[in-house]
Each structure stands twice: as structure tokens, then as C-alpha cells.
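Worksheet: the structure to be examined is printed underneath.
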Amino acid sequence: MIIGLDDTDSVDGMCTTYIGTLIVEAIRDLDRNIIREPPKLLRLNPNNPYKTRGNGAVSIRITETSGPKILEKIKSVSFDIVTKYSESGDNTNPAIVFLEDNSITPEIQLFAKRALHEMFSIDEAISLLNKIGADYNFIGNGRGLIGALASCALQLEDFTYELIVYRSHNKRGKKFVSEQGAMEIEKKYSPKIFSSYDFENQRMIISPHSDCPILYGLRGESPELILEAAKMIESEIPFKRNLFVTNQGTDMHLEEKSIEEVLPYSSVIVKGTVSKNPYTVPGGHVFFEISNGKKILCAAYEPTKGFRNIVRNLSEGDEITAYGGVLETEHGLTINLEKIEITKLAEFHKTEKPICPVCNNQMKSIGKEKGYRCKKCHTKNREVSIIPLPRDIKIGIYEVPMCAKRHLSKPLLRYGREKKFEEERFKFDYTKFDMKFEGI
Ligand code: ATP
């Protein structure tokens, strides 16, 4: 059986991974060996207007040997936790689903995959859940069912880990996590542990500013390394911790499209030629347009900081590939850039009087359309010199800084480090992982 949950938090607090952690703990209290692999923290469509923060949903796999009685107990304990700890509010619609492994049909898998690229209605999720006879429960309007269902069925290829360390949900207000540890981890463990400290913008990334119970999260390729690195963090006394398998840092949300296929709420990789030079609008956002016959706007918004300076150096005629999420704005469909690859730079030239091949002096004009002559040796030349103008940008791939990166965006430093989930899923023995905090 797989348990999926979503939409348990609000901007004022709580976090679906925290509730997932309480559920894992409660199930382990019933039988320590019932959960053999880390729960999954799956980021769904990052352009979802209903999201609270990072559009994350959580799923927990229960081993099949557990018998019907204990499964019923797990269901009731889990729903009780969702009911007790979820935030309440207009935009919080907590949901929990229980899916049998054999009910995850190709149709459900497709729904999960599409939940990263499209928007679904609540009814679509409910009718699929009813079709497969899944058990589910929700509070509010049922929107959480979309993410809860998708999180159970999403098939991972590449994946990463996140160790999340929590304070108690009862504790609110300013968190203490020292920046020093994050800096040291970035220096010592990057790229195997990524997104810890943004030196370019002097920002600690591991600790969210919101009033959620997450003290900090370390993201990387190996649980052992992350657990080792966590010892370097000095923080207020933590309450619990959990390890998640995630699709963060994998670019799972991006799909290759041509400009005419781009739809709102999708995240795309599109090729085009710059057809309108970059311009900066009040607020510091930079826009330019690309075209392949059909045009689309690309945006590097103010939070992308230094990335905007790269974008500002693009010129009409440059050939690029744009990576990013698409929203309908007042200016039409706009790609919120996460990365750009410049594949060909337009060439610009200036003309100058030619250089004498004998004396190396600049030649003088001898009259309109008559050409040029060297003052010293009288060598003649009819042609002007064509001098290429240097460009302030090079062919290559560029990404937004760490402080502006989406959870799903694959850092350039992760390229070539992709892992296969099915090959690695049982390498880490989750049954031995201690969630109670004992001073990591
Ligand atoms: P956090 O990351 O802090 O847990 P969040 O950003 O995940 O919060 P939620 O509070 O979970 O935000 O709200 C997102 C809502 O959008 C959920 O109800 C989820 O079911 C729904 N949802 C997720 N993906 C889609 C989608 N592709 N189409 C429609 N609804 C979606």
C-alpha cells in the first residue's frame, strides 16, 4: 500500500513533510519494519497557482506483508494525524489517499506525470480514485487529493535525497540555524550536496524563512554524506528529522516543446532566435523575445539577480534554448527563465580603413569609392577592413543563482550525476534510520 498526502499547510505554518514524518513515526510504533524505504517528497507543477510554497506532496510506501487488520489501523492513525495537525484556512485542503500497489494503472501513472506539467481539476482526481476503488479522505474542498494521488503514482528515474530537520510545530517565530555550517558544507561537499549556501548572493539556502517547522534541509546524492554533513550545522535544539527521496534538482518538470506548442502552466525547453533585444522594466525585471516564426516572451525576474546581466547581453539573432515555467501574463505567454543555453551568437561588425600589408600602417582614403592608399609605400587597396565586434557573452549554458532556483531545477553541477531510482532504492536501510533527534 502507498499513502499519499498533500495540502496540509498554509502560509502561516505547518508542512506536509512534517505531517508525513509524524505518520511514519506512528506507523513505526506499530511495527518498525513496515516502512523499508524513505518516504518521497515529490514536487509537482511549480506553476500551480494554488501552491503554498513549493508544491510538494508526500508519499509513504508500506510493505505488502502487513495484513488487512494492521492496514486498517495504519489508515485510521494516518487520517487522525492529518486531521489533528493540518493547518486550517481557505487555501488549505488537506487530503490523504491509500493506494494498493496493483491499483497504480498506466492511467494513474500518466496522471501523476502530467501533474508536473498541467493543471487538474479536483473532479479528475476523485473520478480516478473512485475508478480504482482507492480509499481516501479529505478536509475542505478536496484539492489536496490531486497532489496526494499524484505522489503515490509518480515514477522516478533520476532522484535526489533531502534530510529535513524540524523544530516542533508548536514553536513559531525566528529560527536559529547558523550560516557558518551551511557555508562549510557548500565548500566541502558541493556538488554531492547542493543548494546549501549561495556565495554569489551571500544567502543561506538550507533554512526556509517561512514559519513552517523546517529548521533546515540538506539536499544531495547520498544519505550517508548528508548525515555526515549535518553534523556541521549548529542550530536551535531540533525536534525530529526525516530523510526523503525526492525529485528535487532533476528537471523532471521540463518538457521539450516548440514555441507553438507551449501552454500556460507547463515548464518547457524551447529553441528560438532572439527577435527582440532585452529590456529592463521598473522593478528590475528583464524581458526579451525569441521566435521560430512564432514569438514568445522570456523573463529574468528581479530575484534572479546576476543572471539578468547575462540575459541583458543577448542580442537579436542569437540562437538560444530557453528553460522555464510558462505563465499567461499581461504581455502574453511568458517563460520564467530557469536556465538559458546560448548555442550561436549573432556576429556584429564595424568597418575601418584597411591596414597596409607592407608597412602595417592604416591606409588613407583616396576619394569616394576610389579605395585606399598607404601614405608611405603607396600600396593600394579598394576594400575596407571588416572588424568583428567582441560580444560580452559566450556560447554556453547559464542558470539562475541558487537563491532563485526552483526546487525541481537541476543545478548545472548535477549534470552527469543522474541516478536510477529503481537501481538504488533499497541501498539505504531506512528501517535503521533514527528520526528522533539525538544530536546529529
Ligand atoms: P508545501 O510545499 O509547503 O507543502 P505546497 O506549495 O505544496 O506547500 P499545497 O498547500 O500543497 O502547496 O497546495 C497545492 C495544492 O495544489 C494541493 O491541493 C495539490 O493537491 C494541488 N495540486 C498539485 N499539483 C496540481 C496540479 N498539477 N493540478 C492541480 N492541482 C494541483
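Numbers below:
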{"quantity": "Elements of type strands (runs of 3 or more DSSP E) in the stretch 122-240, at least 1 residues being touching a Cys at 6+ places or on another chain (Cβ under 9 Å) and surrounded by 15 or more Cβ atoms within 10 Å (Cβ to Cβ)", "calculated": "160-166, 214-220"}
{"quantity": "Single match in 82, 11 (criterion: open to solvent by less than 70 Å² (accessible area, probe 1.4 Å), within 16 Å of the ligand (Cβ to nearest atom) and not acidic (Asp, Glu))", "calculated": "82"}
{"quantity": "Residue 132 more than 23 Å from residue 46 (Cβ to Cβ), of a type in the set (A, V, I, L, M, F, W, C) and within 14 Å of the ligand (Cβ to nearest atom)", "calculated": "no"}
{"quantity": "Among the candidates 161, 265, 197, 189, residue that is under 29 Å from residue 306 (Cβ atoms), within 16 Å of the ligand (Cβ to nearest atom) and out of contact with any Phe, Trp or Tyr (no Cβ under 6 Å at 6 or more places or on another chain)", "calculated": "265"}
{"quantity": "Tally, over the stretch 38-62, of residues that are part of a loop (DSSP other than H, G, I, E, B) and under 21 Å from the mean Cα position of the chain (by Cα)", "calculated": "14"}
{"quantity": "The one condition in (1) modelled with pLDDT of 95 or more; (2) in the same structural domain as residue 185 (by TED's automatic domain parsing) that residue 237 fails to fulfil", "calculated": "(1)"}
{"quantity": "Single unsatisfied condition, residue 103 versus (1) within 16 Å of the ligand (Cβ to nearest atom); (2) open to solvent by less than 40 Å² (accessible area, probe 1.4 Å)", "calculated": "(1)"}
{"quantity": "Matching residues in the stretch 132-146 - criterion: being at negative phi and out of contact with any helix residue (DSSP H, G or I) (no Cβ under 8 Å at 6 or more places or on another chain)", "calculated": "144"}
{"quantity": "Flag if residue 88 is hydroxyl-bearing (Ser, Thr, Tyr) and either within 16 Å of the ligand (Cβ to nearest atom) or open to solvent by 20 Å² or more (accessible area, probe 1.4 Å) (or both)", "calculated": "yes"}
{"quantity": "Residue list for the stretch 413-440, restricted to those being surrounded by 13 or more Cβ atoms within 10 Å (Cβ to Cβ) and farther than 23 Å from residue 239 by Cα", "calculated": "413, 414, 417, 418, 419, 421, 424, 425"}
{"quantity": "Condition check for residue 343: modelled with pLDDT under 95, within 30 Å of residue 47 (Cα to Cα) and surrounded by 11 or more Cβ atoms within 10 Å (Cβ to Cβ)", "calculated": "no"}
{"quantity": "Single condition residue 279 does not satisfy, out of (1) more than 16 Å from the ligand (Cβ to nearest atom); (2) in contact with a strand residue (DSSP E or B) (Cβ under 8 Å, 6 or more places away or on another chain); (3) touching a residue at least 24 places away in the same chain (Cβ under 8 Å); (4) not in a loop (DSSP other than H, G, I, E, B)", "calculated": "(3)"}
{"quantity": "Verdict on residue 120 being within 10 Å of the ligand (Cβ to nearest atom), farther than 26 Å from residue 11 by Cα and under 24 Å from the mean Cα position of the chain (by Cα)", "calculated": "no"}
{"quantity": "Qualifying residue in the stretch 161-182 (condition: of a type in the set (Asp, Glu), over 20 Å from the mean Cα position of the chain (by Cα), assigned by TED's automatic domain parsing to the domain that holds residue 54 and modelled with pLDDT of 95 or more)", "calculated": "no"}
{"quantity": "Residues being open to solvent by 20 Å² or more (accessible area, probe 1.4 Å), of a type outside the set (Gly, Ala, Ser) and more than 16 Å from the ligand (Cβ to nearest atom) - total across the stretch 38-76", "calculated": "11"}
{"quantity": "Cβ-Cβ under 7 Å pairs, at least 6 apart or on other chains, the stretch 314-325 side in the same structural domain as residue 338 (by TED's automatic domain parsing), far side open to solvent by less than 10 Å² (accessible area, probe 1.4 Å) and among the aromatic types (Phe, Trp, Tyr)", "calculated": "314/288"}
{"quantity": "Restricting the stretch 14-37 to residues that are part of a loop (DSSP other than H, G, I, E, B) and open to solvent by 10 Å² or more (accessible area, probe 1.4 Å), the residue that is farthest from the ligand (Cβ to nearest atom)", "calculated": "31"}
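For (1) in contact with an Asp or Glu (Cβ under 8 Å, 6 or more places away or on another chain); (2) closer than 23 Å to residue 160 by Cα, each residue gets a yes or a no:
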{"site": "212", "(1), (2)": "yes, yes"}
{"site": "216", "(1), (2)": "no, yes"}
{"site": "229", "(1), (2)": "no, yes"}
{"site": "288", "(1), (2)": "no, no"}
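The values are calculated or read from the model by the stated rules, or taken from the named source; none is laboratory data. These numbers were taken from a predicted model, which means no experiment stands behind them. Every residue, glycine as well, gets a Cβ built from its backbone with ideal geometry; the counts of neighbours run over all protein chains shown. With ligands, DNA and RNA removed, areas are computed over all heavy atoms of the protein, side chains included. Shrake-Rupley method; radii C 1.70, N 1.55, O 1.52, S 1.80 Å.
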